[in-house]
Amino acid sequence: IDLQAGLRFQDGIVRAIDARFSASDYEHAEYEAPGEIGTQYFSEGYEGRVELDHAFGEVFGTAGLQFSSTEFRADGEEAFITPTDSEELSLFVYETREWENGFGVEGGARLENVSRDNEVYGERSFDLLSGSIGVHQHWENGFFIGAQISLTERAPNQSELFADGAHLATDQYQVGNPDFDAEQGLNYEGTVRWQDDNLSLGLNLFHTEFDGFIFLTPGETLVDGVLVDEIDEVAVYLFAQEDADFNGGEIYGSYHLEEGPLGAHWDVKASVDFVNAELASGDNVPYLPPVTINTDISADWGAFDAGIGLV
């Protein structure tokens, strides 16, 4: 179920009010053999969001409230998470100011409370604060530069906290840690891009310092007092938490040809993402692709279009 409603106003501080509410009841089964159910997963919940668009002179922004509630359980011998209820409530605000010379300032903040209540391990509650501030400058010749600093806090999800079982979809015996703290990241980011009617080019660079980064890594767990790295022929993977630094960026571009070969409109896009992620111990963050290349080319004849992409 998905419900939406909104109001628009011509004058005054409040420019618009938008509300959205959705509810879901989901389940799926994993089969061991035809007609033989191994594990069933059930998730019921709802979420809602109310946004208030406003203006104070030349400052425009949005403030709002978001909430959600989810009940999750897995039944069967291979259920790797015990039943968990999650509740989330947050307040947020975003403001921006743009001048006629192309210079702009923007910033936002978010207060959030996240609660995870597990049938075995009990309840964990996290009070989170995130915020960001940025500046940018754009020119009529198509150039744009921007810089932003942001601090984000994230609550561990239910798998990171409470998993303890074989997750056969990933061929891993996953073990969480109910004592994890919230993950915090301090991010610095810079952007440069240029575009005209047909061509656009851009570069993003970032540096992120994580306090308590959560990741999945091969490890050992206790079974009958003995440390083992495999259970029922499934490798053990532990959710771990450690400080980490990420350095990376993205180079991207696109080209549009209005009248090209074969009489089609052509679009070509390409990007390269790169990251170096290192834990405080000096080890690399596991299972993180250091370089990703994306390319895409498409042709449009109006009544027919075709394309191909590569990652």
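The values are calculated or read from the model by the stated rules, or taken from the named source; none is laboratory data. Please read these numbers as outputs of a predicted model, since none were measured by experiment. Here the Cβ positions follow ideal geometry from the backbone for every residue, glycine too, while neighbour counts run over all protein chains shown. With ligands, DNA and RNA removed, areas are computed over all heavy atoms of the protein, side chains included. Shrake-Rupley method; radii C 1.70, N 1.55, O 1.52, S 1.80 Å.
See the values below:
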quantity	calculated
Prolate/oblate/rounded call for the range 227-311, Cα gyration tensor, a/c under 1.5 rounded	oblate
Hull volume in cubic angstrom per residue (convex hull over the Cα atoms of the range 196-251)	127 Å³
Charged-residue dipole, Cβ positions (Lys, Arg, Asp, Glu), the chain about Cα centre, Debye nearest 20	1280 debye
Residue (of Leu3, Ala63, Tyr237) at the positive-pole extreme of the chain, dipole from beta-carbon charges	Ala63
For the chain: relative contact order, % (alpha-carbon pairs under 8 angstrom, 6 or more apart)	9 percent
Segment Phe9-Glu44, extension gain: residue separation times 0.36 nm, minus the distance between their alpha carbons	9.0 nm
Cβ-based charge dipole, the chain, positive-most Cα from Val311, Ser159, His256	His256
Percent carbon-and-sulfur accessible area, the range 1-135, ignoring ligands, DNA and RNA, probe 1.4 Å	54 percent
Spacing of the two label points (7 Å from each Cα toward its C-beta) at Arg20 and Val135, in nm	3.3 nm
Heavy-atom surface of the chain, accessible at 1.4 Å and reported per residue (Å²)	60 Å²
For the range 160-284, diffusion coefficient by Stokes-Einstein and Kirkwood Rh (Cα), 25 °C, 0.890 mPa s, µm²/s	134 µm²/s
Dipole magnitude of the range 1-98 about its Cα centre (Cβ charges: Lys, Arg +1; Asp, Glu -1), debye to nearest 20	740 debye
Isotropically averaged projected area of the range 7-133, using the convex hull of Cα atoms (one quarter of hull area), nm²	11.7 nm²
Potential lengthening between Asp196 and Phe274 on full extension [0.36 nm per residue; Cα-Cα distance subtracted]	25.5 nm
Options (i) 0.95; (ii) 0.99; (iii) 1.02 - which one matches Rg/Rh (Cα atoms, Kirkwood Rh) as calculated here	(iii)
Sites Leu310 and Asp2 - FRET efficiency at Förster radius 35 Å, r taken between beta-carbons, to 0.05	0.55
Alpha-carbon centroid distance for the pair the range 157-175 / the range 67-118, whole angstrom	22 Å
Within the chain, helix-based [θ] at 222 nm, where runs of 4 or more DSSP H residues each add -39,500 (n - 2.57), nearest 500	-500 deg cm²/dmol
Signed unit charges on C-beta, dipole axis of the chain, positive-most listed residue Phe126, Ser298, Ala182	Ser298
Tail beyond 15 Å, pair distance distribution of the range 1-54 (Cα, percent)	64 percent
Stokes-Einstein diffusion coefficient of the range 143-210, Kirkwood radius over Cα pairs, 25 °C, 0.890 mPa s, in µm²/s	158 µm²/s
Distance between the range 1-43 and the range 215-258 - C-alpha centres, whole angstrom	29 Å
